[in-house]
Amino acid sequence: MATLNVNGKPHQVDVEPDTPLLYVLRDNLGLHGPKFGCGLAQCGSCSVLIDGKAVRSCTYAVGKVGPGKIVTLEGLGTPQKPHPVQQAFIEEQAAQCGYCINGMVIQTTAFLAARQSNPSEREIRQALQNNLCRCGTHQRIIAAVKRAAALMGKGA
């Protein structure tokens, strides 16, 4: 039995400590923001925040979470009041198939939270280099990150 703090609420789950966090989030808690992509922590579609840091939940064991605060795409904002990163991705129409967007939004959120000023395109590309998108919306994603930085007061 493990207690997880997910999106600000405690959840008791009866799983083995080596169970991938992704499975618990999707199967036990019904959260479908994080996606199963590669299963090898290489594509980023399963990303979540743990204490503000983006982690790949497909290979992150529940037993490693401890008292950490998990935030999924569903926990960033609401449909009525999206997080600035979510709002920027919506405004820039950065999603095409939508599969990678969870990871892009989560990684962007962690990236911008750690910054004091607006990121350059090179820094954005570097921050997102391990998140795979096969649809080709890279330019819109970069524009969304720049817009999110501006919305968060970290850029122009």
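Laid out as a table, the results:
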read-out: Condition check for Val6: touching a residue at least 12 places away in the same chain (Cβ under 8 Å) and in contact with a Phe, Trp or Tyr (Cβ under 9 Å, 6 or more places away or on another chain); value: no
read-out: Only one of Leu73, Leu21 that is out of contact with any His (no Cβ under 9 Å at 6 or more places or on another chain) and of a type in the set (A, V, I, L, M, F, W, C); value: Leu21
read-out: Residues located in region 54-111, provided they are polar (S, T, N, Q), under 13 Å from the mean Cα position of the chain (by Cα) and in a loop (DSSP other than H, G, I, E, B); value: Ser57, Thr72
read-out: Region 37-53, subset crowded, with 16+ Cβ neighbours inside 10 Å and out of contact with any Pro (no Cβ under 9 Å at 6 or more places or on another chain), residue nearest to Gly63 (Cα to Cα); value: Ile50
read-out: Filter result (farther than 14 Å from Cys43 by Cα, in contact with a helix residue (DSSP H, G or I) (Cβ under 7 Å, 6 or more places away or on another chain) and modelled with pLDDT of 95 or more) within region 96-118; value: Thr108, Thr109, Phe111, Leu112
read-out: Number of the exception - Lys53 against (1) in contact with a strand residue (DSSP E or B) (Cβ under 8 Å, 6 or more places away or on another chain); (2) closer than 27 Å to Cys133 by Cα; value: (1)
read-out: Filter result for Ala143 (surrounded by fewer than 22 Cβ atoms within 10 Å (Cβ to Cβ) and either within 15 Å of the chain's Cα centre (by Cα) or at pLDDT 95 or above (or both)); value: yes
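The values are calculated or read from the model by the stated rules, or taken from the named source; none is laboratory data. Keep in mind the model is a prediction, meaning the values are calculated, not measured. Every residue, glycine as well, gets a Cβ built from its backbone with ideal geometry; the counts of neighbours run over all protein chains shown.
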